[in-house]
1. Might you report the magnitude of the Cβ-based charge dipole of segment 66-123 about its Cα centre, with Lys and Arg at +1 and Asp and Glu at -1, to the nearest 20 debye?
2. Need the full-extension length gain, Leu97 to Ala66, defined as separation in residues times 0.36 nm minus the C-alpha distance. One decimal, nm.
3. Are any of the pairs Lys22/Lys115; Lys29/Lys87; Lys19/Lys86; Lys59/Lys86 more than 27 Å apart by Cα-Cα distance, and if so, which?
4. Which length gain, in nm to one decimal place, applies between Lys122 and Lys22 when the Cα-Cα distance is subtracted from 0.36 nm times their residue separation?
5. With +1 on each Lys and Arg Cβ and -1 on each Asp and Glu Cβ, how big is the dipole of the chain about its Cα centre, in debye rounded to the nearest 20?
6. Excluding same-chain residues fewer than 8 positions from Lys55, which aspartates and glutamates have a Cα within less than 14 Å of its Cα?
7. Considering only Leu82, His68, Gln10, whose Cα is most displaced toward the positive end of the charge dipole of the chain, charges sitting on Cβ of Lys, Arg (+1) and Asp, Glu (-1)?
8. Highest mean first, what order results for 67-80, 45-58, 100-113 on Cβ atoms within 10 Å?
Amino acid sequence: MTYFLGIGIQLIRDVENEKAIKIFQEILKDDPLNTDAHRHLGLAHFNLGNHSKAKTHWKRCVELEAFHHQTWWNLGQVYEVLGDFKKASQAYEEAALVSEQNSPEKSSRYREWVKKAQANQKL
C-alpha cells in the first residue's frame, strides 16, 4: 500500500493529477480509512479545480485523523476558494490549535490565515 501511495504522491509532484487520482481511488477501495490516500486525493482534486471533491476527501481525513494540521489548513484553503470564509477561518483555527504544542511557529502562521479569512468574511 505504501508503495502505491508513494507513486501517487510522485504523480502529483509531476503534475499528473488525473493519474494520481486513479491510484488513490484504488488504495481507498482496499482501505477506505486510509487518511494519507484521502489527504492526497483531496490535493489532486484541488489541483484540478475539483474543489467540492477536494473538500469531501479532506473532511473525511480530519474525521479519521483530527490532529493533522496540514489537512485542516487545506480545508481552510478550499473553503476560501468556495467563498465560505467563516468555515475557512474555523478550519484555520483548528490547524492552529492542533499544531500549537508541536509546532508553535506553524500555529502562529495559521492564526494569520484565520485573520485573513475573517477579514474576507466582512467584505
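All of the numbers you see were taken from the coordinates with simple rules; none came from a lab. Values in this document were obtained by computation on a predicted structure and should not be read as measured data. Methodologically, a virtual Cβ is constructed for each residue, glycine included, from the backbone with ideal geometry; neighbour enumeration extends over all protein chains shown.
1. Working: 8 positive and 7 negative charges, 38 e Å.
About 180 debye.
2. Here the answer is 10.1 nm.
3. Where the Cα-Cα span goes over 27 Å, the pairs concerned are Lys22/Lys115; Lys29/Lys87; Lys19/Lys86.
4. Between Lys122 and Lys22, full extension yields 32.1 nm more.
5. On the way: 17 positive and 16 negative charges, 93 e Å.
Taking the Cα centre of the chain as origin, the dipole is about 440 debye.
6. Straight-line reach from Lys55, under 14 Å: Glu63, Glu80, Asp84.
7. Leu82
8. Details: 67-80: 21.8, 45-58: 18.5, 100-113: 14.1.
Highest-to-lowest ranking by the protection proxy: 67-80, 45-58, 100-113.
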